[in-house]
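To start, the structure itself, in structure tokens.
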Amino acid sequence: MPKDSFAKEVAADRMHRLFDLAQQRTEKDDGASRKLAKRYIRIAKEISSHYKVSMPKQIKERICRKCGNVLIPGLNCRVRLASSKGYAAYICECGTERHVFYK
Ligand SMILES: [Zn+2]
């Protein structure tokens with residue numbers, strides 16, 4: 001259905017836009033901006049579930065599952081390389097790990 005695919009296209013665009021805004025807000029690194037960034041991520045997740053569009057992989061890998069932080073190494077997360085297992089572990093300040101495979 002062309003109408004349906006257009007809605008999904010717009011939804012994907014909005015998720016990208018919200019992620020970019022959240023990233024900018026997180027980089028500002030003050031309380032109000034962090035709160036706003038988490039709100040943007042929550043809205044992007046709601047768009048994803050409402051329009052049944054999966055969150056793009058490059059966005060999904062950069063968000064904490066538990067707290068919704070945009071993971072920025074050196075600012076709010078640590079990166080540990082598990083080279084024998086072929087992944088990088090992004091450890092959020094809340095303690096949650098996200099494994100990103102590079103093999
Ligand atoms: Zn977290």
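Considering segment 53-88, the residues that are closer than 16 Å to F19 by Cα and of a type in the set (V, I, T) include one that is farthest from the chain's Cα centre (by Cα), namely V53.
May I ask you to list the residues in segment 52-99 that are of a type in the set (D, E), farther than 22 Å from D30 by Cβ and within 13 Å of the ligand (Cβ to nearest atom)?
E97
Can you tell which of L36, L71 is more than 30 Å from S5 (Cβ to Cβ), crowded, with 18+ Cβ neighbours inside 10 Å and aliphatic (A, V, I, L, M)?
The unique qualifying residue is L71.
When R78 is tested against the conditions (1) loosely packed, with under 13 Cβ neighbours inside 10 Å; (2) at pLDDT 90 or above, the lone failure is (1). Among the residues of segment 10-33, are any in contact with a helix residue (DSSP H, G or I) (Cβ under 7 Å, 6 or more places away or on another chain), free of Cβ contacts under 8 Å to residues at least 12 places away in the same chain and surrounded by 13 or more Cβ atoms within 10 Å (Cβ to Cβ)? Yes - at least one qualifying residue is present in segment 10-33.
Among the residues of segment 89-103, the one identified as within 13 Å of the chain's Cα centre (by Cα) and either open to solvent by less than 20 Å² (accessible area, probe 1.4 Å) or of a type in the set (G, A, S) (or both) is C92.
The values are calculated or read from the model by the stated rules, or taken from the named source; none is laboratory data. Keep in mind that this is a model prediction, so the values were computed, not measured. Note: ideal-geometry Cβ built from the backbone for every residue, glycine included; neighbour counts use all protein chains shown. Only protein heavy atoms, including side chains, enter the accessible area calculation; ligands, DNA and RNA are left aside. Shrake-Rupley method; radii C 1.70, N 1.55, O 1.52, S 1.80 Å.
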